[in-house]
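Asks: Can you read through this structure? Questions will come right after.
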Amino acid sequence: MPLTMGHDLPMKQPIPTKTQKKVAPDGRFQTPLGQTFILTNRNGLHARPCALLIQALHEFTCSVSVEHDDASANGRSILGLMCLVVGYESRLTIVMNGKDAPEAMAAVQQLFETSFEAAYAPGNKLAVTLG
């Protein structure tokens with residue numbers, strides 16, 4: 001039976017796969033970089049933290065996938081991230097692939113270490129460009 005959400009709209013269920021090396025534009029193989037985080041933001045991963053995550057990843061070119069429970073989403077999609085319904089103390093695995101993946105992962109790690117506090121800073125206006 002397919003997963004459903006809301007008004008019986010079918011959701012895609014990810015197919016488990018082994019981590020595979022991907023070919024980089026220069027012809028070399030790249031191994032995806034993955035790290036698991038525990039969300040310590042008491043409000044969960046709602047619109048503001050999602051926007052902050054996307055904003056932090058904007059300067060990087062690597063691909064980003066976010067996994068929670070049995071679902072995964074594009075780490076650059078605010079709607080995809082919010083549909084994961086990530087609550088307080090939930091585990092998220094972030095997988096990146098690309099030459100700037102280590103730098104991007106460091107930026108994401110900083111967000112988790114600070115519990116996304118920048119999302120709640122007075123006067124902070126987060127903007128996400130829909131592409």
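Asks: For region 31-47, what are the residues that are closer than 16 Å to Gly75 by Cβ, touching a residue at least 40 places away in the same chain (Cβ under 8 Å) and not in a loop (DSSP other than H, G, I, E, B)?
Replies: Answer for region 31-47, where residues must be closer than 16 Å to Gly75 by Cβ, touching a residue at least 40 places away in the same chain (Cβ under 8 Å) and not in a loop (DSSP other than H, G, I, E, B): Leu33, Gly34, Gln35, Thr36, Phe37.
Asks: Do we find a residue being more than 19 Å from Gln30 (Cα to Cα) and either surrounded by 14 or more Cβ atoms within 10 Å (Cβ to Cβ) or touching a strand residue (DSSP E or B) at 6+ places or on another chain (Cβ under 6 Å) (or both) anywhere in region 93-103?
Replies: Checked region 93-103: no residue is more than 19 Å from Gln30 (Cα to Cα) and either surrounded by 14 or more Cβ atoms within 10 Å (Cβ to Cβ) or touching a strand residue (DSSP E or B) at 6+ places or on another chain (Cβ under 6 Å) (or both).
Asks: Looking only at region 76-102, count every residue that is among the small types (Gly, Ala, Ser), more than 12 Å from Leu45 (Cα to Cα) and without any contact (Cβ under 8 Å) to a residue 24 or more places away in the chain and tell me the total.
Replies: Residues flagged as among the small types (Gly, Ala, Ser), more than 12 Å from Leu45 (Cα to Cα) and without any contact (Cβ under 8 Å) to a residue 24 or more places away in the chain within region 76-102 amount to 1.
Asks: If we scan region 68-76, do we find a residue that is in a loop (DSSP other than H, G, I, E, B) and surrounded by fewer than 16 Cβ atoms within 10 Å (Cβ to Cβ)?
Replies: Yes, region 68-76 has at least one match.
Asks: Could you go through region 121-129 and let me know if any residue there is surrounded by fewer than 14 Cβ atoms within 10 Å (Cβ to Cβ) and modelled with pLDDT of 95 or more.
Replies: no
The values are calculated or read from the model by the stated rules, or taken from the named source; none is laboratory data. In this text, all values refer to a predicted model and were calculated from it rather than measured experimentally. For neighbour counting, all protein chains shown are included, and Cβ atoms are generated from backbone atoms with ideal geometry for every residue, glycine included.
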